[in-house]
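Readers should treat all values here as calculations from the given coordinates under stated rules, not as data from a laboratory. From a predicted model like this one, the values you see are computed outputs, not experimental measurements. Cβ atoms come from the backbone with ideal geometry, glycine included; neighbour counts cover every protein chain shown.
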Amino acid sequence: MMKASEEQWWTPNAITYSVVMHGFRREGKLADACDVVREMIGKGFPPTPVEINLLIQSLCQTGRLDEAKKFMEECLNMGCAVNVVNFTTLIHRFCLQDDIEAALSLLDDMYLSNKHPDAVTYTTIIDALGKKGRIEEATEFTLKMLKKGIDPTPVTYRTVIHRYCQLGRVEDLLNLLDKMLARQECRTAFNQVIEKLCTFGNLEAADKLLGKVLRTASRMDANSCHMLMESYLRKGIPLSAYKVACRMFSRGLIPDLKLCEKVCKKLMQEGKSEEADNLLLRFVERGNISSRCLQLSQTE
């Protein structure tokens with residue numbers, strides 16, 4: 001079509017090629033779309049990184065990852081402005097397919113092409129390695145990211161915390177977090193660790209971290225404490241839940257009353273009436289419940 005138009009009365013330009021390419025792409029004719037891109041380049045109208053990325057995504061969505069990689073390499077070799085987003089899109093897709101080796105190979109290609117991975121690229125690789133249990137390699141990439149001056153994002157923190165807690169590598173995680181926090185502050189980092197440890201049932205490790213969390217005595221800290229208390233109740237350890245509530249009071253945080261009532265009932269069932277009374281008394285002292293309510297609860 002393009003050649004025919006050139007022989008007649010008008011010459012296709014970059015917009016013409018782009019419209020035709022997108023038309024083929026939307027119809028699922030991806031091979032034709034790629035051919036149009038090659039013709040574009042030959043005519044001096046290189047596609048933009050956005051256009052390249054749309055084709056990469058379309059190829060990946062149909063499971064043609066190798067074709068997507070070949071297409072990107074072809075664009076790169078022909079002088080197109082392939083960027084970090086293009087590489088990261090393909091790396092992400094290989095990671096989703098559990099082909100971490102292909103993803104790592106692409107990362108090497110990025111370095112060779114003088115394209116610098118960003119926080120999204122590193123986080124994608126870190127998550128994929130952690131998912132495979134290759135935590136030492138994940139640590140190396142995290143440290144490499146920090147060394148290159150790339151600030152970890154909230155997603156990076158969530159990814160690292162999830163994978164390390166999943167594997168029970170708490171000490172390694174804390175050491176790594178210290179380095180990450182020195183680069184980019186994340187106020188909720190330790191809250192996230194406690195909540196993940198609770199999710200994976202590692203309550204002892206979560207309890208040890210309470211001191212770090214309760215330094216700020218924020219609403220987020222209260223939520224973390226509540227999650228730990230609920231986890232203790234589910235495990236049938238109300239005394240530990242009671243101790244968490246006491247630590248909250250000592251930091252000026254008011255625990256959830258309904259949750260504490262559940263703790264008190266469990267304590268009473270275990271014959272620990274003194275602790276149950278003490279917990280409710282703390283609410284009375286702060287005016288959260290009346291002494292009349294306390295008396296009624298004690299007679300139940």
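Structure data summary
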read-out: Over the range 103-242: Rg over Rh, Cα atoms, Kirkwood Rh; value: 1.04
read-out: ³J(HN,Hα), Karplus 6.51/-1.76/1.60, whole Hz, each residue of the range 142-149, x for Gly, Pro; value: 5, 5, 5, 4, 5, 5, 7, x
read-out: Total formal charge among the other residues, if their Cβ is under 13 angstrom from that of residue 278, Lys/Arg +1 and Asp/Glu -1; value: -1
read-out: Helix 273-285 vs. the chain, principal-axis angle (Cα, 0 to 90°, nearest 10); value: 80 degrees
read-out: Test item: Cα-centred dipole of the range 109-193, Lys/Arg +1 and Asp/Glu -1 on Cβ, debye; value: 100 debye
read-out: Under the Karplus curve 6.51 cos²θ - 1.76 cosθ + 1.60, θ = phi - 60°, whole-Hz ³J(HN,Hα) for the range 178-184, x wherever Gly or Pro sits; value: 4, 6, 5, 5, 5, 8, 8
read-out: Cα-centre dipole for the chain with unit charges at Cβ (Lys and Arg positive, Asp and Glu negative), debye to 20; value: 1100 debye
read-out: Contact order relative to length of the chain, as percent, for alpha carbon pairs under 8 angstrom and 6 or more apart; value: 7 percent
read-out: Whichever lysines have a C-alpha closer than 18 Å to that of residue 196, once near sequence neighbours (fewer than 8 apart) are set aside; value: 131, 208, 212, 235
read-out: Helix 100-112 vs. the chain, principal-axis angle (Cα, 0 to 90°, nearest 10); value: 60 degrees
read-out: Efficiency of FRET from Cβ geometry, residue 83 and residue 257, R₀ 51 Å, rounded to 0.05; value: 0.40
read-out: Global geometry of the range 193-291, whether rounded, prolate or oblate, following the gyration tensor of its Cα atoms and the 1.5 cut on a/c; value: oblate
read-out: Full-stretch length increase - residue 216, residue 31 - with 0.36 nm per residue and alpha-carbon distance subtracted; value: 60.9 nm
read-out: Cα-projected label distance for residue 22 with residue 119, points at 7 Å along beta-carbon direction, nm; value: 3.1 nm
read-out: Structure-based [θ]222 nm, the chain - -39500 (n - 2.57) summed over DSSP H runs of at least 4, per residue, nearest 500; value: -23000 deg cm²/dmol
read-out: Principal-axis tilt of helix 238-250 within the chain, Cα atoms, nearest 10 degrees; value: 90 degrees
read-out: Which listed pairs, of 69/148; 70/115; 29/144, have C-alpha distances above 29 Å, in listed order; value: 29/144
